[in-house]
Amino acid sequence: EWSDGASLRDLLDALPGQRLSPQLAAQVGASVAAGLHAAHELCDEAGHSLGVVHRDVSPQNVLISMRASVRLADFGVAKARGQIRRATETGELKGKLSYMAPEQVSSKVIDRRADVFALACVIYEAALGVRAFHGADALSTMYLLLEQPVVAPREIDPGFPEGLEAILLKAMAKDPDARQQTADELREGLLDYLRTAQHVVSDRALAETLERA
């Protein structure tokens, strides 16, 4: 399906400070979460969950049309129950490293909560202009993901909304059990934050941001 706008990566690269407002980042994140939840809930003809996990949620794969329609693209590395899976010959990690959940980096069994972690990393970057986990090379990035806590948004920007910070820190917990358990739970948290802060963002605001970039 054609999207006539740009990826979130392209949009961030074109903006001053390479960031959106926290409210706009939360709105984009909520839209992506809705798409993720729909994929996670897919079932086979017998009604059994397919166990779909995207595994590559990143700014490059979030597409925003000129009418502010937000889509999650590139399920090319997604996994589903019943797939024949084997390691690549090079031992390649699926997905983009800075957005990968610790359990994905360590090649453990992953589920939808890995996508929750990745989406929180995307929102964090969109709202702050820096990646949550990004070292000088792949090894140092893996160390940050596996061993170091994320830098709290308010340590980077003291004016960052506390409510949104709490949502993101929960979603980026090292332990999957400590995160929001579904993308829909993350979506509801983001929308609740926007409603509570009285910062519900219109599609027009997102479209105008894209036009200006």
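Every number here is computed from the coordinates shown, using simple stated rules; none is lab data. Predicted model, so just to flag it, every value in this text is computed and none were measured. Every residue, glycine as well, gets a Cβ built from its backbone with ideal geometry; the counts of neighbours run over all protein chains shown.
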Aspartates and glutamates near Lys174 by alpha-carbon distance under 12 Å, same-chain residues fewer than 8 away left out - which ones? Glu103, Glu147
If each residue of separation counts as 0.36 nm, what is the full-extension length gain between Ser140 and Ile156 once their alpha-carbon separation is subtracted? 3.7 nm
Tell me the net charge near Pro22. Cut-off is 13 Å between Cβ atoms, Pro22 excluded, with +1 for each Lys or Arg and -1 for each Asp or Glu. -2
Under the rule a/c < 1.5 gives rounded, and otherwise a/b versus b/c splits prolate from oblate, where does segment 97-202 land using the Cα gyration tensor? oblate
Under 14 Å by backbone N from the virtual spin label 7 Å along Cα-to-Cβ at Ala197, the residues of segment 154-178 are 154-155, 157-169
